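Beneath this line is the structure, given in structure tokens, with notes to follow.
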Amino acid sequence: MSFTNFNIDKIAEEFTSDAWEAFNEEDLNTYSDLEIFKEEWIDTKTINTNECKEYCEDLGYDIFECHPAFGRPKNWSQAGYNAIYDALAESDKTVKWEELIDENKRFEYNG
């Protein structure tokens, strides 16, 4: 596993932990709630320009690349958003809605 893959999984695990917490607090009740949560979670991560630069570097994101969903980033915040969005989509450690509502997965997550 490369350093980049480690960082991708690390950010996915952080998101997954926060998503489980929100789900257990009944803040996530539908697939749409999870998608909105993800967008807001990424927005919160990409407020600081220096942190956005670090995300791009750590996650191996090409800031000059035209993103298929969002287009070419116009600033570091957009580039950081794209990097995190792609990392969450790429990692198999990112929780899916189906896993949140699966009682067995909930038991496994809570230990």
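Some notes on this structure:
- Looking at Ile42, Ile8, just one residue is buried (at least 19 other Cβ atoms within 10 Å of the Cβ), on the phi < 0 side of the Ramachandran plot and touching a Lys or Arg at 6+ places or on another chain (Cβ under 9 Å), and that residue is Ile8.
- When residues of region 11-39 are limited to those that are in contact with a helix residue (DSSP H, G or I) (Cβ under 9 Å, 6 or more places away or on another chain) and among the aliphatic types (A, V, I, L, M), the one surrounded by the most Cβ atoms within 10 Å (Cβ to Cβ): Ala19
- Scanning region 29-44 for residues that are of a type outside the set (A, V, I, L, M) and either part of a helix (DSSP H, G or I) or within 15 Å of Ala87 (Cα to Cα) (or both) yields Tyr31, Ser32, Asp33, Glu35, Phe37, Lys38, Glu39, Glu40, Trp41, Asp43, Thr44.
- Of the residues making up region 48-82, those that are hydrophobic (A, V, I, L, M, F, W, C) and under 16 Å from the mean Cα position of the chain (by Cα) are Cys52, Cys56, Leu59, Ala69, Phe70, Ala79.
- Taking (1) buried (at least 17 other Cβ atoms within 10 Å of the Cβ); (2) farther than 12 Å from Tyr85 by Cα; (3) hydrophobic (A, V, I, L, M, F, W, C) in turn, Ile47 satisfies each apart from (1).
- Selection status of Ile63, part of a loop (DSSP other than H, G, I, E, B), within 22 Å of Phe6 (Cα to Cα) and of a type outside the set (Ser, Thr, Tyr): yes
- Where Tyr85 falls short, out of the listed (1) more than 11 Å from the chain's Cα centre (by Cα); (2) in a helix (DSSP H, G or I); (3) surrounded by 17 or more Cβ atoms within 10 Å (Cβ to Cβ): (1)
No value in this document is a laboratory result; all are computed from the given coordinates. The model shown is predicted, which means the values in this text are computed figures rather than measured ones. Ideal geometry is used to build each Cβ from the backbone, glycine not excepted, and the neighbour counts take in all protein chains shown.
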